[in-house]
Amino acid sequence: MQHIIPIFTANFNNTQINSVDARKLHEFLEVKSKFATWIQNRIEKYGFLENTDFITFSNFLENGGRSINYIISVEMAKELSMVENNKKGIRSSISTY
């Protein structure tokens with residue numbers, strides 16, 4: 001089965017959870033705002049919890065900056081898709097990632 005967004009297993013507090021890369025979800029949903037702003041706003045607005053709904057890790061960039069990557073549970077991804085309120089979000093929240 002081909003998934004819209006690749007699913008993989010990630011370790012959330014010693015529990016293996018089906019997960020997706022939040023940046024790939026952001027890209028798929030064609031969100032107009034910057035990724036960092038979007039994910040932070042959604043986490044705050046909907047009360048998602050680190051190490052329960054998502055995990056983060058930093059990548060250090062060649063220019064000295066860093067980017068924060070978010071691995072989110074499939075359940076969180078479905079909820080984010082629904083609240084995005086566009087055709088892609090609604091369709092992907094109904095189908096299996």
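The values are calculated or read from the model by the stated rules, or taken from the named source; none is laboratory data. Bear in mind the structure is a predicted one, so any value in this text is a computation, not a measurement. All Cβ positions, glycine included, derive from the backbone under ideal geometry; neighbour counts span all protein chains shown. Surface areas here come from the heavy atoms of the whole protein model, side chains and all, with no ligands, DNA or RNA. Shrake-Rupley method; radii C 1.70, N 1.55, O 1.52, S 1.80 Å.
What the table shows:
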read-out	value
Qualifying helices (runs of 4 or more DSSP H) (wholly inside segment 22-97; at least 3 residues being open to solvent by 90 Å² or more (accessible area, probe 1.4 Å) and at pLDDT below 95)	87-94
Condition met for Thr52 (of a type in the set (S, T, N, Q) and within 14 Å of the chain's Cα centre (by Cα))	yes
Tally of residues being in contact (Cβ under 8 Å) with a residue 24 or more places away in the chain and hydrophobic (A, V, I, L, M, F, W, C) across segment 43-73	6
